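Quick notes on the structure that follows.
The values are calculated or read from the model by the stated rules, or taken from the named source; none is laboratory data. Predicted, not measured: the structure shown is a model, and the values here were computed from it. Positions of Cβ are generated from backbone atoms using ideal geometry, with glycine treated the same way; all protein chains shown enter the neighbour counts.
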Amino acid sequence: MIRYFYFLVLFIFAKQNIAQTSKTELFNEIEKAGGVHFAYPEHEIGSQSRVPDGYTPFYISHLGRHGSRYLISDSDYKDLIDLFEKASRKNELTRLGREVLGRLHILWKEVQWRGGDLSPRGVREQRGIASRLYGSYPELFGADSKVTACATTVVRCVLSMDAFCERIKEFSPETRIERNSGEKWQRFLNHHTKQAVAYRSAVDTWKPAYNKFEKAHVKPQRMMAALFTDGKSMEREITAEKIMWGLFAIAEGMQNVETKLSFFDVFTKEELVDLWQCKNLKTYLNDGNSALSKGLMMENAKPLLRSILDSAEQIIGNGGRGADFRFAHDGNIIPLAMLLHLKGCYSSVSDPNKVYEAWSDFKVAPMAGNIQFVFFRKNGGNPDDILVKILLHENEITVPPVKTADGVYYKWKDLRQFYESLL
């Protein structure tokens, strides 16, 4: 009986630890509060499983998000600078408020006119991913390989594609990489159904649940008192909540730029976790497998999955080798990871307070996040005897509904059959 009680306590404790994983991660690495602004987690890349005997790689299919970027608009920085400058002229800034304004002025020197642009860190992230990919699978490249790349029409995606491809060509100058960007590729790379767009914009779908959650978690009073001697004066210009969200956006985005400053000290860690939970929930409701949307967002990724399956079949049928590289956005990698049923990426939750326990935006779509299918042929064997493994951000990941053939390796015919059934 005592032994049973001991194991029961261990079980309950383990469940509690699992439930608190995301919060624990955030406290230990607060940059993860940036969510989809979390810089590419290269430090979390683990070792790879041994390739089954007799198999060699011949093809990679890759979807990558653009690398680290500046905040979407210059106004995301300038509006707060103007607000703090106005408070300064009225002598309504505390000592911390004056320090924050000084940091904003320093940051503005780098970010002005760069809204939405790929940052130098974003370039380095793409080059690093390409370097590791080539280092692991150099035999895929060369004069006889077929390599293509495509990107959405957004400049940061095109520049991400170029940074990635140029790095491959530095290792293998003889490799020809056909690169494209335009409406033809936009249609499957960045597809959003009319139903998904209507759901997001409606006032009575996800917004009531989110607004209630945000109201309970966004509490700017302490922060306002720390920054302004007269918070009420500031709130006549803009709400305290908007000031808090604006500073949070800048704070979480600092990891993506070159200026070595931090704004995290404006917040407590608890406030950062609360703000992250709001952003995580909003992203989940708009792009993830929320119980409220009943799988609607999976439809957005179906044209992209169709492209992945068809491109793989083409190179398999030709008996060739090579790679297909695609570059898009967080709103594309999230529904694809969900549709692919990657472990931890497709949970359906209805309770807003439980979402962070089942799904975390920084785990699914950090800056430069990527999904890779790596294909292997059996030497001298049946041409249909093909194994595949999937990587999420360069870490091996499983597809729980499909049985593996060997560790993390799947028979392509099994994986393809499962995905065809979803389409």
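Is it the case that the stretch 343-359 has a residue that's touching a strand residue (DSSP E or B) at 6+ places or on another chain (Cβ under 6 Å) and either more than 30 Å from Asp406 (Cα to Cα) or of a type in the set (Val, Ile, Thr) (or both)?
Looking through the stretch 343-359, none of the residues is touching a strand residue (DSSP E or B) at 6+ places or on another chain (Cβ under 6 Å) and either more than 30 Å from Asp406 (Cα to Cα) or of a type in the set (Val, Ile, Thr) (or both).
Examine the stretch 82-96 for a residue that is assigned by TED's automatic domain parsing to the domain that holds Phe263, touching a helix residue (DSSP H, G or I) at 6+ places or on another chain (Cβ under 6 Å), within 12 Å of Thr259 (Cβ to Cβ) and of a type outside the set (Asp, Glu), and state whether such a residue exists. Looking through the stretch 82-96, none of the residues is assigned by TED's automatic domain parsing to the domain that holds Phe263, touching a helix residue (DSSP H, G or I) at 6+ places or on another chain (Cβ under 6 Å), within 12 Å of Thr259 (Cβ to Cβ) and of a type outside the set (Asp, Glu). The single residue among Lys403, Lys389 that is basic (Lys, Arg) and without any contact (Cβ under 8 Å) to a residue 12 or more places away in the chain turns out to be Lys403.
Could you say whether any residue in the stretch 371-381 is at pLDDT 95 or above, at negative phi and among the small types (Gly, Ala, Ser)? No, that holds for no residue.
Please enumerate the residues belonging to the stretch 371-394 that are among the polar types (S, T, N, Q) and surrounded by 15 or more Cβ atoms within 10 Å (Cβ to Cβ). Passing the criteria: only Gln372.
Here are some residues: Ala368, Ala328, Ala323, Ala337. Which one is touching a helix residue (DSSP H, G or I) at 6+ places or on another chain (Cβ under 9 Å), at positive phi and crowded, with 24+ Cβ neighbours inside 10 Å? Steps first, please.
Working: Ala328 fails: at positive phi; Ala323 fails: at positive phi; Ala337 fails: at positive phi.
That would be Ala368, the only listed residue that is touching a helix residue (DSSP H, G or I) at 6+ places or on another chain (Cβ under 9 Å), at positive phi and crowded, with 24+ Cβ neighbours inside 10 Å.
Inside the stretch 44-70, residues that are surrounded by fewer than 21 Cβ atoms within 10 Å (Cβ to Cβ) and not in a strand (DSSP E or B) make up a count of 11.
The rows are residues; the columns are (1) outside the structural domain of Arg222 (by TED's automatic domain parsing); (2) crowded, with 22+ Cβ neighbours inside 10 Å.
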residue: Ala240; (1), (2): no, no
residue: Ala251; (1), (2): no, yes
residue: Asn256; (1), (2): no, yes
residue: Leu281; (1), (2): yes, yes
